[in-house]
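Working notes for the structure below.
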Amino acid sequence: MQTEVTRLLGIKYPIIQGGMAWVAEYHLAAAVSNAGGLGLIGAASAPAEWVREQIQKAKELTDKPFGVNIMLMSPYADEVAQIVAEERVKVVTTGAGNPEKYMKMWKEAGVKVIPVVASVALAKRMERSGADALVAEGCEAGGHIGESTTMVLVPQIADAVSIPVIAAGGIADGRGIAAAFMLGAKGIQMGTHFVVTEESQVHDNYKEKIIKARDIDSRVTGRTTGHPVRALRNEMTKQYIELENKGAGFEELEKLTLGGLRKAVVEGDVVHGSVMAGQIAGMVKERLTCKALIDKLVKETDGIIGGKGFYE
Ligand code: TUI
């Protein structure tokens, strides 16, 4: 599965693990990179020194390339951006904003820059600012999302830019990967399936909640506040959506979700916490090691489109 993405990043397979807040720590990132994909450490809203430690620990576990995802709404984004350059991390992905102001610093440090975008407008702007590739993330994804689905976003972005596009949102098996290639992607990013891998350090309750999820168990909160977030339905999403329907304001709603992701991932409170996961949760039925998962994905994808000219 050699594509522009594997060549750009120096990896074996064009499969990237999403930089999920609280979930994507160094054990997971190193396991994905060791299995031939690209592992990411999710900086989320963590302090910069935590991110530096994570990078150093990942370097001890793998000699393969790995990356850091910077959540641009973080109060520590400036410092984390600096650390990524100092530590000569191979790849940075960004989410929930526009990373333009860091681009020059990263390029000078030899860091490959892959912004996550949810619109054609931002995709074009990122290409102009020097991005090496893009992740086009559809609203099937978990966490903070945009408006368009992967099915419509990926081909429009692939047509609008000449840098490689990596599809994300709604992909959990070889069929999804093959479909992404047909839409014009040269690689894919997956989050939810990696949450339940053996190497993932999240609370068992969180993994079980994903494995038990059905097709209809996904909800989006925060559409009224302009911060839509996809999670599995539970008491928190129920109360949130009820309050939204009653016209509650941002501050009241925010109280309900504050610290909610940590509560679910670390403490295992999947009733009142925020169990962010993609719509694809209903398809995730087994816990595998990262290597077994990636090998399975490659085999399935190859079985569908291998030799048809998509990996070039
Ligand atoms: O960033 C994500 N997904 C995330 S971030 C996150 S952390 C969080 N925790 C609690 C509440 C809310 C968030 C959880 N999941 N995905 C990448 C992504 N970026 N999706 C959409 C976007 C995006 C949206 C708007 C990127 C840029 C943008 O506008 C930028 C601009 O200024 O034009």
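The values are calculated or read from the model by the stated rules, or taken from the named source; none is laboratory data. A quick note: this is a predicted structure, and the numbers were derived from the prediction, not measured. Counting neighbours? That spans all protein chains shown, and the Cβs are built from the backbone with ideal geometry, glycine included. All accessible areas refer to the heavy atoms of the entire protein, side chains included, with ligands and DNA or RNA removed. Shrake-Rupley method; radii C 1.70, N 1.55, O 1.52, S 1.80 Å.
What the table below lists for this structure:
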read-out: Per-residue ³J(HN,Hα) for the range 182-194, Karplus 6.51 cos²θ - 1.76 cosθ + 1.60, θ = phi - 60°, Hz, x for Gly and Pro; value: 5, 7, x, 6, 10, x, 9, 10, 10, x, 3, 5, 6
read-out: Segment residue 225-residue 151, length gained on full extension (0.36 nm per residue, minus Cα span); value: 24.1 nm
read-out: Amide proton proximity set for residue 44, modelled H, under 5 Å, gap of 5+; value: 71
read-out: Label-point separation, residue 98 to residue 251 (7 Å along Cα→Cβ), nm; value: 2.9
read-out: Probe 1.4 Å, accessible area per residue of the range 33-154, Å²; value: 40
read-out: Pairs of alpha carbons in the chain whose separation is greater than 23 Å (percent); value: 52
read-out: Only Lys, Arg (+1) and Asp, Glu (-1) charged, at Cβ; the range 214-276 dipole about Cα centre in debye; value: 160
read-out: Rounded FRET efficiency, nearest 0.05, which uses the C-beta distance separating residue 215 from residue 159 and R0 of 41 Å; value: 0.85
read-out: Spin-label model distance (nm) - residue 60 vs residue 88, 7 Å beyond Cα toward Cβ; value: 2.0
read-out: Of all accessible heavy-atom area on the range 214-276, the percent that carbon and sulfur account for (1.4 Å); value: 52
read-out: Theoretical FRET efficiency, 1/(1+(r/R0)^6), r = Cβ-Cβ of residue 312 and residue 73, R0 30 Å, to 0.05; value: 0.20
read-out: For the chain, with +1 on Lys and Arg beta carbons and -1 on Asp and Glu, the positive-most of 82, 23, 130 along the dipole; value: 130
read-out: Pair residue 267, residue 107: separation of 7 Å Cα→Cβ label points (nm); value: 4.5
read-out: Net lengthening on full extension, residue 2/residue 242 (0.36 nm per residue, minus Cα-Cα); value: 81.6 nm
read-out: Solvent-accessible area, 1.4 Å probe, carbon plus sulfur percent, for the range 85-128; value: 50
read-out: When each of 64/124; 57/104; 186/207; 212/246; 212/299; 209/263 is checked by Cα-Cα distance, pairs over 22 Å; value: 64/124; 57/104; 186/207; 212/246; 212/299
read-out: Relative contact order of the chain, pairs being alpha-carbon contacts under 8 Å that are 6 or more residues apart, as %; value: 17
read-out: Whole-number percent relative contact order across the range 214-276, with pairs defined as alpha carbons under 8 Å at least 6 apart; value: 30
read-out: Environment charge of residue 219, counting only residues whose C-beta is closer than 12 Å and scoring Lys/Arg +1, Asp/Glu -1; value: 0
read-out: Karplus 3J(HN,Hα) series, Hz, for the range 34-51 with 6.51 cos²θ - 1.76 cosθ + 1.60 (x for Gly, Pro); value: 5, 8, x, x, 10, x, 10, 9, x, 6, 6, 10, 7, x, 4, 5, 4, 5
read-out: Share of carbon and sulfur in the accessible heavy-atom surface of the range 1-69 [1.4 Å probe, %]; value: 52
read-out: Computed FRET value (nearest 0.05) for residue 49 with residue 204, which takes r as the C-beta separation and R₀ as 35 Å; value: 0.75
read-out: DSSP-defined antiparallel bridges as percent of all bridges, the range 130-245, nearest 5; value: 45
read-out: Size of charge dipole - the chain - debye, nearest 20, with Cβ of Lys, Arg +1 and Asp, Glu -1, no other charges; value: 480
read-out: Positive dipole terminus of the chain, leading residue within 55, 44, 174 (C-beta point charges); value: 174
read-out: Solvent-accessible area per residue for the range 214-276 (1.4 angstrom probe, square angstrom); value: 55
